[in-house]
1. Got a sec? Which of B:53, B:35, B:75 is closer than 30 Å to residue B:296 by Cα and away from chain A (no Cβ under 14 Å)?
2. Restricting to segment B:56-72, and then to whatever is out of contact with any helix residue (DSSP H, G or I) (no Cβ under 6 Å at 6 or more places or on another chain) and in a helix (DSSP H, G or I), can you tell me which residue is nearest to the other protein chains (Cβ to nearest Cβ)?
3. May I ask you to list pairs of residues, at least six apart or on different chains, whose Cβ atoms are under 8 Å apart, with the first in segment A:28-47 being within 7 Å of chain B (Cβ to nearest Cβ) and the second being surrounded by fewer than 16 Cβ atoms within 10 Å (Cβ to Cβ) and assigned to a helix (DSSP H, G or I)?
4. Going through B:267, B:201 one at a time, which residue ends up being more than 21 Å from residue A:30 (Cβ to Cβ) and within 25 Å of the chain's Cα centre (by Cα)?
5. Out of (1) assigned to a helix (DSSP H, G or I); (2) surrounded by fewer than 17 Cβ atoms within 10 Å (Cβ to Cβ); (3) within 37 Å of the chain's Cα centre (by Cα); (4) modelled with pLDDT under 90, the odd one out for residue B:323 is which?
6. When segment B:374-397 is examined, which residues are found to be within 16 Å of residue B:311 (Cα to Cα), modelled with pLDDT of 90 or more and within 27 Å of the chain's Cα centre (by Cα)?
7. Give B:487, B:469, B:499 a once-over and let me know the one that is modelled with pLDDT of 75 or more and surrounded by fewer than 20 Cβ atoms within 10 Å (Cβ to Cβ).
8. Any idea which of B:30, B:60, B:13 is surrounded by fewer than 24 Cβ atoms within 10 Å (Cβ to Cβ), in contact (Cβ under 8 Å) with a residue 24 or more places away in the chain and closer than 30 Å to residue B:305 by Cα?
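The values are calculated or read from the model by the stated rules, or taken from the named source; none is laboratory data. Keep in mind it's a predicted model, so treat the numbers as computed, not measured. Positions of Cβ are generated from backbone atoms using ideal geometry, with glycine treated the same way; all protein chains shown enter the neighbour counts.
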């Protein structure tokens, strides 16, 4: 895993698994939507 | 508890504490003590951040909350993933670039010394009190149910953690938390499996979940706009966002965790790990509480879960009334068991009218049981006005002690101690570091050697451990322990977060304006807390917004005029 240095800002480092930090944040947001949808589905389906 | 349980409990706690000591035995570097070393990678950071937030209260109170009121508490965490994204994108690069040890050092560099000290002071007050509750919470419950001496239980939970945190600092805390979290996750997984195993053999998992849903226990998401409701989707998303942003962005007990190791990639991945896994983990712990509720549809629960308190009250002149309540409770519970069977039968036939009728009858019976429990609590209160009648914190541990096999009981008591120790370790580590870095070094001994600061850090960590243990020894039980921690945090976090957001985003605001705004905001939040009934999560939003708006206003008016003069 390449570490950022003084000359390579963190945003420019290739992020393992996601490529960029922006994509990593979008993946987290998608995971949130999926999780809340699941909770909502469980609430509604079994009520 | 049997000898096997004690063996599992003590061997687990001792092994983790010894591991922490062994990992740091030859390390006498101040930087490593305060900031950790490069052996701390993102996985360790992720588990360490998770273990810091998940205290013993999480595992005692949360299942009890689900048992009483359903899954709505999970909404408290809806803002967390977005807050962690902001921390990763905005806070972490600044902390790494400036190479700060504490978050409040940044305030000194951005504003002035008094704003740095205000931020550090608010942290010390809030976290110092919380550290006491963190140790006290499991001790009061375990001592009540197991008959242990309260003071000895507090000392057992406190001394272990003070010892390895003081000796090993940040590196010891991060590495021990990794294993503590492993024990916690394994223990909760085993508990869940055991609950399912103990359910009636003719009841399928889906039927159990369906009964929980019909009883209104799976209400995880509530989209209503009601400011008086404690947990809704909106209060969780917005209030929870500010609470989490303040907690993860500005609370040194968390900042120290993700800055450990010194790698920006490690810090970010550690937090994103939590952004994805925190919600499922909380959902799972709440779901365990719901499954305990289902278990107690077939097995009669105690009339009051704090059994020692109930038995004590039974010996008084109110004993007759309690006995009558118990008889009524037994009768209604027997009827309700038939009601649950009627519902499961109706579900098998898939007849909607039958399901609706059985659900309605079951809810009526549950309401009757709740009424009897309410009357019991009033009777207990009449016997002992100081008694805390909220018994939700006792639900899960009562189930563990009464229905799980030996060995697993020891493992689950170890889970509770591990959780208490992991949270306390981060708190003591941060309290000691903040006192040295933000107060002792700049104000008392500015030019001492690293060795001097290392010894001062160790002594101050031990001192804060003493304060936390003393507070725990003299604390009183509050309504619901996890809420107490969150309420305490929410009162202070809004103002602290406001200071940081001004620092990041309102570049024209200077120290005096933000300092005055923060003091005003904190006073306003305290007045509102004591005079209104606003849901506590909103204090995070309010405190933050007041600091942001007032600091801009003050900078443009009062302090602009002063600067010109």
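1. Working: B:35 fails: closer than 30 Å to residue B:296 by Cα; B:75 fails: away from chain A (no Cβ under 14 Å).
From the options B:53, B:35, B:75, the qualifying one is B:53.
2. Restricting to residues being out of contact with any helix residue (DSSP H, G or I) (no Cβ under 6 Å at 6 or more places or on another chain) and in a helix (DSSP H, G or I), the top hit is B:72.
3. A:35/B:280
4. Answer to the selection: B:267.
5. (4)
6. B:377
7. When all the criteria are applied, what remains is B:487.
8. Exactly one of B:30, B:60, B:13 is surrounded by fewer than 24 Cβ atoms within 10 Å (Cβ to Cβ), in contact (Cβ under 8 Å) with a residue 24 or more places away in the chain and closer than 30 Å to residue B:305 by Cα, namely B:13.
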